[in-house]
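Novice: Quick one: structure below, then a few questions.
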Amino acid sequence: MKQFLKIIPIVILVSFIGLGFTVNSNSSRYKCMIQMKNYSGEGAYIVISLINPSGDYEKTLYVQGDDDEWYFDIKNWWSFYGKRRSSLDAITGATISGGERAINLIEIENNKLDKGYKLRFESAVEDQEYYKDDLEFELTTKNTKGKIEGNGFIRYIRMMPQK
């Protein structure tokens with residue numbers, strides 16, 4: 001009986017931890033690998049945004065670069081985010097330098113697929129350029145399973161659905 005009583009708190013803890021990491025059934029997670037072009041200089045700040053069918057920002061999905069002092073360099077996104085200043089703590093990571101790659105998990109609501117929404121990847125590097133649409137593509141079932149070439153600091157991204 002004593003061993004049974006010792007196990008109960010562990011079972012409860014494991015249950016709560018498991019529930020805390022479940023994905024909303026109305027959304028799906030995707031691995032997003034960003035491969036950078038070879039360039040010299042500081043690490044790139046990259047913002048992944050959900051763009052609605054009207055072409056407006058709807059949501060920030062991920063920010064590659066966790067020093068908010070430089071967010072204003074990502075000009076178009078900053079005009080959207082800077083007004084709201086919602087917390088980004090759970091969706092940020094370190095900058096990526098030339099030739100490096102990073103893999104992030106992003107969560108996208110299922111009702112946004114195949115409905116005219118887009119994913120936009122904006123990039124900026126200190127004392128270099130800013131690319132509003134380093135990479136932008138329509139959010140379709142097909143595109144969430146493939147490789148897409150970038151136009152600025154990003155060589156390509158590869159999306160992989162997670163189960």
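Novice: Starting from the amide H of residue 97, placed 1.01 Å from N in the peptide plane, find each other amide H under 5 Å away whose residue is 5 or more places distant or on another chain.
Specialist: Residues meeting the amide H criterion: 44.
Novice: Another question about this same structure. Let a ≥ b ≥ c be the square roots of the eigenvalues of the Cα gyration tensor of the range 97-163; is it rounded (a/c under 1.5), or, if not, prolate (a/b larger than b/c) or oblate?
Specialist: In terms of gyration-tensor shape, prolate.
Novice: Would you mind getting me the FRET efficiency between residue 126 and residue 148? Use the beta-carbon distance for r and R0 = 22 Å, nearest 0.05.
Specialist: Computed FRET efficiency for residue 126 and residue 148 comes out at 0.30.
Novice: Take the cross-link list 31/59; 37/112; 115/163; 75/163; 37/147 and give me the ones stretching past 26 Å between alpha-carbons.
Specialist: Pairs exceeding the cut-off: 37/112; 75/163.
Novice: Using label points projected 7 Å from each Cα along Cα→Cβ, tell me how many nm separate residue 29 and residue 110, to one decimal.
Specialist: Once both label points are built, they end up 1.6 nm from each other.
Any read-out appearing in this document is the output of simple, stated calculations on the displayed coordinates, not a laboratory observation. Keep in mind the model is a prediction, meaning the values are calculated, not measured. Cβ coordinates were reconstructed from backbone atoms using ideal geometry, including for glycine residues, and neighbour counts include every protein chain displayed.
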